[in-house]
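The values are calculated or read from the model by the stated rules, or taken from the named source; none is laboratory data. Only a predicted model underlies this, so the values are computations on that prediction, with no experimental measurement involved. As a convention, Cβ positions derive from the backbone with ideal geometry for all residues, glycine included, and neighbour counts pool all protein chains shown.
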Amino acid sequence: MALSSQIDTLVGIADIFVVSRLGADAISAVGMARLFTMVLGVVMVSATTGAFAMVAQHIGGGRLREASATAKQAFTLVTLITGSLSIVGWFAARLCLEAMSLAPAVVELGVVYLRVFFTGMVVLSLNHAVNSCFYGTGDARTPLYINILASLIKVGATYALVLGRFGLPAWGVPGAAAGDLIGGFCGLAVGIGLLYTGRFRLRLLPDTSYRLDAGLARRILRIGVPSALQGLFRNGSSLIFAKLVAAYSIGNQIERLLRRTSLAFGTAATTLVGNRLGAGARSAAVEHGAATNVLGVVAMILCGLPVVIFARPFMELFTTIPEVISIGVIYLWAVALAEPFMCLGITAGGALRGAGDTRPALYYTIIAQWVVRLPLGYLLAFSMGLQEEGLWIALVLLSVVQGLLT
């Protein structure tokens, strides 16, 4: 799961690298647009998280028909929710970017990128839902193989469409979004096809339906909505936090790489706890949740070491502006220090999610992100004159609070 998540982040870094050929405005446009896609995209969690936990419990208890019905219901909910969100996002793209006080050229590029993204957002959301269903069965390898195939297609399509290679037109910034959609569609087609083969623990059975079931949908959303709100509060604070666009857009790729690795441990905890609770093994669920917490923290300490060592060379790979490099290096050091604590919160929350209990993680995210991070960041950066360093200190402290509380 961690490797698959890192591949997604590496694809994002590759996109930024290709787009960097188009100039600083293009880098900022894609970086800020990706922040919005990350914030809005978490709404799909309201369906996938609930389905994930329920599929894990049904598989653990050997209830294959219920697992199939839950998966199909999740696909229906994802389509309805993200389809509606896509329409709103398409029309609100310009307003959202202008609210960030970006340069007009950056806004124009970002609007086109976001509108292409929203056109195919349902495809990407369904792809995530399919992967979550595989994870619920304890199968992390199949989604990895699908993701490798999809990522290779994404990178190739982005390179060709952004720069106009292999006889294709040079679309520039929107080509990066189009490349992601092409790869996502291919991954979705393969994943759905595999679930219908009957060769995996989860099978999409013909006697279960995609038709909306109000009772089942409510059970899924009862678990998923708090997780979706948690994601909105967590990522929404990042939008307000992003003041230095160039340094944040570049350094944020490494933060996302580490964060997705932390999320992978949270996913593992959900699967392990859900499977064992579904089988009635409560003590085993507790043991697996605790072990995943410890492993996650140790792994993120080890992953953070190369980030500290190679922070400057990484920033210099994308920009030659000394001020941006200096700000970005300190940002990456703060990320490496903060992520073990953030991983603790994410993994503990994943264990709770496997039991269907998603509200505590939501409450602690609100406290850490909106009561600690933003007020403290403003106080340190502006009232105490620490500038960017104050924002990074707040990043570390919010992670400690969220991790220990959860």
Output the qualifying pairs, or none if there are none: Cβ atoms under 9 angstrom, residues six or more apart or on different chains, first residue in region 88-109 and under 23 Å from ALA24 (Cβ atoms) and in a helix (DSSP H, G or I), second residue at pLDDT below 85 and among the aromatic types (Phe, Trp, Tyr).
ALA93/PHE36; CYS96/PHE36; LEU97/PHE36
Buried (at least 20 other Cβ atoms within 10 Å of the Cβ) and at pLDDT below 90 - does that describe any residue in region 141-151?
no
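So is THR358 among the hydroxyl-bearing types (Ser, Thr, Tyr), modelled with pLDDT of 90 or more and assigned by TED's automatic domain parsing to the domain that holds LEU295 or not? Spell out how you get there, then give the answer.
On the way: among the hydroxyl-bearing types (Ser, Thr, Tyr): yes; modelled with pLDDT of 90 or more: no; assigned by TED's automatic domain parsing to the domain that holds LEU295: yes.
No, not satisfied.
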Does LEU344 satisfy being under 19 Å from the mean Cα position of the chain (by Cα) and either of a type in the set (A, V, I, L, M, F, W, C) or over 20 Å from THR49 (Cβ atoms) (or both)?
yes
Would you check if there is a residue in region 115-125 being modelled with pLDDT of 85 or more, in contact with a helix residue (DSSP H, G or I) (Cβ under 6 Å, 6 or more places away or on another chain) and under 17 Å from VAL225 (Cα atoms)?
yes
Filter pass, ARG165 being more than 30 Å from THR365 (Cβ to Cβ) and either touching a strand residue (DSSP E or B) at 6+ places or on another chain (Cβ under 6 Å) or at pLDDT 90 or above (or both):
no
Within region 112-120, is even one residue more than 20 Å from the chain's Cα centre (by Cα), part of a helix (DSSP H, G or I), aromatic (Phe, Trp, Tyr) and assigned by TED's automatic domain parsing to the domain that holds GLY31?
no
When region 55-87 is examined, which residues are found to be touching a residue at least 40 places away in the same chain (Cβ under 8 Å) and under 30 Å from ASP25 (Cβ atoms)?
THR82, LEU85
Output for region 134-173, where each listed residue is among the basic types (Lys, Arg) and either within 30 Å of LEU195 (Cα to Cα) or in a helix (DSSP H, G or I) (or both):
ARG141, LYS154
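More than 18 Å from THR292 (Cβ to Cβ) and crowded, with 20+ Cβ neighbours inside 10 Å - does that describe any residue in region 342-349? Explain how you work it out, then say what you get.
Taking region 342-349 as the starting set, the residues that turn out to be more than 18 Å from THR292 (Cβ to Cβ) are none.
No: zero hits.
Residue-by-condition table, conditions (1) of a type in the set (Val, Ile, Thr); (2) surrounded by fewer than 15 Cβ atoms within 10 Å (Cβ to Cβ):
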site: LEU194; (1), (2): no, no
site: LEU202; (1), (2): no, no
site: PRO206; (1), (2): no, yes
site: SER209; (1), (2): no, yes
site: ALA214; (1), (2): no, yes
site: ILE220; (1), (2): yes, no
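Residue-wise test of (1) outside the structural domain of ARG218 (by TED's automatic domain parsing); (2) at pLDDT below 90; (3) within 14 Å of the chain's Cα centre (by Cα); (4) under 30 Å from ALA217 (Cβ atoms).
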site: VAL19; (1), (2), (3), (4): no, yes, no, no
site: SER28; (1), (2), (3), (4): no, yes, no, no
site: GLY31; (1), (2), (3), (4): no, yes, no, no
site: ALA51; (1), (2), (3), (4): no, yes, no, yes
site: SER68; (1), (2), (3), (4): no, no, no, yes
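Within region 303-324, is even one residue within 30 Å of MET54 (Cβ to Cβ), buried (at least 20 other Cβ atoms within 10 Å of the Cβ) and in contact (Cβ under 8 Å) with a residue 24 or more places away in the chain? Break it down stepwise before answering.
So in region 303-324, the residues within 30 Å of MET54 (Cβ to Cβ) come out as none.
Checking region 303-324: not a single residue is within 30 Å of MET54 (Cβ to Cβ), buried (at least 20 other Cβ atoms within 10 Å of the Cβ) and in contact (Cβ under 8 Å) with a residue 24 or more places away in the chain.
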Condition met for GLY385 (buried (at least 20 other Cβ atoms within 10 Å of the Cβ) and out of contact with any Phe, Trp or Tyr (no Cβ under 8 Å at 6 or more places or on another chain)):
no
So the check is Cβ under 9 Å with 6+ separation or different chains; which pairs have a first residue in region 165-176 that's surrounded by 19 or more Cβ atoms within 10 Å (Cβ to Cβ) and a second one that's part of a loop (DSSP other than H, G, I, E, B)?
TRP171/GLY164; GLY172/GLY164; GLY175/GLY164; GLY175/LEU168; GLY175/PRO169
